[in-house]
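The values are calculated or read from the model by the stated rules, or taken from the named source; none is laboratory data. Since the structure is predicted, the reported quantities are computational estimates derived from the model, not experimental observations. Here the Cβ is made from the backbone with ideal geometry for all residues, glycine too, and neighbour counts use every protein chain on show. Only protein heavy atoms, including side chains, enter the accessible area calculation; ligands, DNA and RNA are left aside. Shrake-Rupley method; radii C 1.70, N 1.55, O 1.52, S 1.80 Å.
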Amino acid sequence: MGLTEWAYALSESLLSEPLPRRWAHSLGVAERARSLSCILGEDAALLEAAAVLHDIGYSPAIATTGFHPLDGARFLKGQDGTDERVVRLVAHHSCALLEAEERGLRAELEGEFELERPDLVDALLYCDMTTTPDGTPTTSTERVDEIVQRYGPETLVGRFIQRAAPEIHAASRRVEERMADASVGDQPR
């Protein structure tokens, strides 16, 4: 079984029944990751695997701290043969260090999991933050607004996402610029 097939099967087993909306979101994020293959090269499958797995830490079967990036990464780290880069991407997806700080878990997250390459971190953030909870495409602005509305501006998640918004939008722009550059490079001359 290849990396992406394994990732889809694992994510489905952890999310589809207890959290069907989270599963739909994860499928949408993975679809978004596939759309970036022209800028990812040999890392396309790696990003797709991380994308479909990024929210497994919400699964009641593995949630321990209540902080899904950390719970998901710890679970993956304990699975035989898991690509360490996938684990790092899950651990640090979508400005997780800022949320970890809000939760008093930043030292744990930083101490256990190194950051992955910035271009891949940007790509996963883009995929997550341009996909609705139901798995459909959106903009990073609409997604941040939706999260603030859903959780409330004064909640832990609301405060975190507002702090993270400038980086979320900047990463989205960087990925969109890379896609536009790749598209221009594909045009006949």
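Points to keep in mind about this one:
- Ranked packing of 16-24, 120-128, most packed first, by mean Cβ within 10 Å: 120-128, 16-24
- At q = 0.08 Å⁻¹, base-10 log of I(q)/I(0) for the chain (Debye sum, equal scatterers on each alpha carbon): -0.23
- Rolling a 1.4 angstrom probe over the protein heavy atoms with all chains in place gives the chain an accessible area of 47 Å² per residue.
- Accessible-area order (highest first, 1.4 angstrom probe) of the listed residues PHE75, PHE160: PHE75, PHE160
- Value of [θ]222 nm, deg cm²/dmol, for the chain, DSSP H segments ≥ 4, -39500 (n - 2.57) each, nearest 500: -21500 deg cm²/dmol
- Using the Karplus relation 6.51 cos²θ - 1.76 cosθ + 1.60 with θ = phi - 60°, the per-residue 3J(HN,Hα) values for the stretch 23-32 come to 5, 4, 4, 4, 5, x, 5, 5, 4, 4 Hz, with x marking Gly and Pro.
- Here the accessible area is traced with a 1.4 Å probe on the protein chains. For the chain, carbon and sulfur cover 51 percent of it.
- Residue-span extension gain [ASP80 to ASP145] - 0.36 nm each, minus C-alpha spacing: 19.6 nm
- The stretch between SER13 and GLU177 holds 55.5 nm of extra length on full extension. This uses 0.36 nm per residue minus the Cα-Cα distance.
- Förster radius 41 Å - calculated FRET efficiency between THR132 and ALA107 (Cβ-Cβ, nearest 0.05): 0.80
- Convex hull of the stretch 51-118 built on C-alpha atoms - directionally averaged projected area, nm²: 4.3
- Rounded Å value of the spacing that divides the Cα centres of the stretch 53-68 and the stretch 116-163: 17
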